[in-house]
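S.K.: Quick one: this structure, given as structure tokens, is what I'll be asking you about.
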Amino acid sequence: MFVTSIIISLSSQVDAQQDIPNLEGGPEEKERVRYPVSNIVLQQRYPETVVLRGQQTDNSVALTFDDGPDPRFTPQILDTLKEYNIKATFFLMGARVEKYPDIVKRIVEEGHVIGNHTYWHPNLVKEADINTLEREVSTTEEVLAKQINYRTKLFRAPYGFLYNELVEKLKGMNYTIVGWSVDSLDWRESPPEVISYNVLSNFEPGAIVLMHDGGEWDADRTNTIKSLQLIIPALREQGMAFKTVPELLNIPYKK
């Protein structure tokens, strides 16, 4: 009887995982091997639209999280941020926003800022279709607006992949494209010490740090959560303050 209960419990967990809206473009570790136009080049071409970091004279940092809301990991990340009294920026998938409205509500209520991360997380460069971009972004904008009561002005592309025409379209849609200056590489699911090293060894004041509070259905962001317990105290010891992206860059986040 006991063994049967364990089997039923494990089966329920697997079903719940597989019920999470998945990343249409594929898992991060497979897609990141592609090399479209560098975000640094795009930022140089479109300095008013693409942002990668704040001023190095500002002793502040912005933590950002992609691919949520994810019921397995987002609540634990929110717990950690609350423990340290830190506000962050979450780039959410529209499909998951519709699936988990209570988590979205908590993100907003606890003072974090939300950005658009498309509806199904496609590889926009691979799709190479302006209509796909517009549909993914507009649908997510509508879904978010119904839940957070504002239209976010912040956008981050899945995998960070864009090219000129996509940037120009997003500019026309009144979005600020938020990249990053420090990549935690947490999607590799390395030990917490490695994830924290990736951040701390590449950190400079004004950094925007990329992390993930969600992933594909079989992803595990447990080490991301644990790494925050190492990253946050270390940066505070260096005198860094934690801000949301719009606070760091002094830009609007509402249309």
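The values are calculated or read from the model by the stated rules, or taken from the named source; none is laboratory data. Here the structure is a predicted model, which is why all the values come from computation and not from measurement. Every residue, glycine as well, gets a Cβ built from its backbone with ideal geometry; the counts of neighbours run over all protein chains shown. Keep in mind that these areas ignore ligands, DNA and RNA; they rest on the heavy atoms of the full protein, side chains included. Shrake-Rupley method; radii C 1.70, N 1.55, O 1.52, S 1.80 Å.
S.K.: Can you find a residue that is touching a helix residue (DSSP H, G or I) at 6+ places or on another chain (Cβ under 8 Å) and assigned to a helix (DSSP H, G or I) anywhere in the range 59-73?
M.R.: The answer is no, given that none of the residues of the range 59-73 is touching a helix residue (DSSP H, G or I) at 6+ places or on another chain (Cβ under 8 Å) and assigned to a helix (DSSP H, G or I).
S.K.: Next question. Taking the range 38-85, which residues are within 14 Å of P246 (Cα to Cα) and under 19 Å from the mean Cα position of the chain (by Cα)?
M.R.: Across the range 38-85, the qualifying residues are T49, V50, V51, L52, R53, G54, S60, V61, A62, L63, T64.
S.K.: Sticking with this structure for a sec: So how many residues does the range 93-121 have that are assigned to a loop (DSSP other than H, G, I, E, B), in contact (Cβ under 8 Å) with a residue 60 or more places away in the chain and crowded, with 23+ Cβ neighbours inside 10 Å?
M.R.: 2
S.K.: Here is a further query. I want to confirm something. Restricting to the range 234-248 and keeping residues that are over 21 Å from the mean Cα position of the chain (by Cα) and in a helix (DSSP H, G or I), which single residue is farthest from V209 (Cα to Cα)?
M.R.: E237
S.K.: Something else about it: Among the listed residues T89, T140, identify the single one that is open to solvent by less than 10 Å² (accessible area, probe 1.4 Å), under 20 Å from G172 (Cβ atoms), touching a helix residue (DSSP H, G or I) at 6+ places or on another chain (Cβ under 6 Å) and in contact (Cβ under 8 Å) with a residue 40 or more places away in the chain.
M.R.: On inspection, the qualifying residue turns out to be T140.
S.K.: Need the failing condition index for Y159 against (1) of a type outside the set (A, V, I, L, M); (2) in a helix (DSSP H, G or I); (3) more than 15 Å from the chain's Cα centre (by Cα); (4) at pLDDT below 95, just the number.
M.R.: (3)
S.K.: Can you find even one residue in the range 90-104 that is over 21 Å from P27 (Cβ atoms), more than 17 Å from the chain's Cα centre (by Cα) and aliphatic (A, V, I, L, M)?
M.R.: No, the conditions are met nowhere in the range 90-104.
S.K.: Turning to a different aspect of this structure: In this structure, is W180 in a loop (DSSP other than H, G, I, E, B), touching a Gly at 6+ places or on another chain (Cβ under 8 Å) and touching a residue at least 24 places away in the same chain (Cβ under 8 Å)?
M.R.: Yes.
S.K.: Residue pairs, Cβ under 9 Å, 6 or more apart or interchain, first in the range 42-62 and surrounded by fewer than 13 Cβ atoms within 10 Å (Cβ to Cβ), second modelled with pLDDT of 95 or more and hydroxyl-bearing (S, T, Y). List them.
M.R.: Close Cβ pairs (under 9 Å, with a partner that is modelled with pLDDT of 95 or more and hydroxyl-bearing (S, T, Y)) amount to E48/T176.
S.K.: Just one of (1) in contact (Cβ under 8 Å) with a residue 24 or more places away in the chain; (2) open to solvent by 10 Å² or more (accessible area, probe 1.4 Å) trips up I208, so point out which.
M.R.: (2)
S.K.: A follow-up question, please. Would you be able to say whether some residue in the range 183-197 is surrounded by fewer than 22 Cβ atoms within 10 Å (Cβ to Cβ) and in contact with a strand residue (DSSP E or B) (Cβ under 7 Å, 6 or more places away or on another chain)?
M.R.: Just the residues of the range 183-197 that are surrounded by fewer than 22 Cβ atoms within 10 Å (Cβ to Cβ), to begin with: 183, 185, 188-194, 197.
Those left that are additionally in contact with a strand residue (DSSP E or B) (Cβ under 7 Å, 6 or more places away or on another chain): 183.
Yes: one or more hits.
S.K.: Given the residues L144, L166, L133, which is the only one that is modelled with pLDDT of 95 or more, over 30 Å from Q238 (Cα atoms), under 17 Å from the mean Cα position of the chain (by Cα) and in a helix (DSSP H, G or I)?
M.R.: Only one candidate qualifies: L144.
S.K.: In addition: Being closer than 21 Å to P27 by Cα, out of contact with any Ser or Thr (no Cβ under 6 Å at 6 or more places or on another chain) and among the charged types (D, E, K, R) is the filter here; which residues of the range 105-139 pass it?
M.R.: If the condition is that a residue be closer than 21 Å to P27 by Cα, out of contact with any Ser or Thr (no Cβ under 6 Å at 6 or more places or on another chain) and among the charged types (D, E, K, R), then K126, E127, D129 are the ones that fit.
S.K.: In addition: Look through L235, L248 and report the one residue that is buried (at least 20 other Cβ atoms within 10 Å of the Cβ), in contact (Cβ under 8 Å) with a residue 24 or more places away in the chain, touching a Gly at 6+ places or on another chain (Cβ under 8 Å) and within 14 Å of V182 (Cβ to Cβ).
M.R.: After ruling out the rest, the residue left standing is L248.
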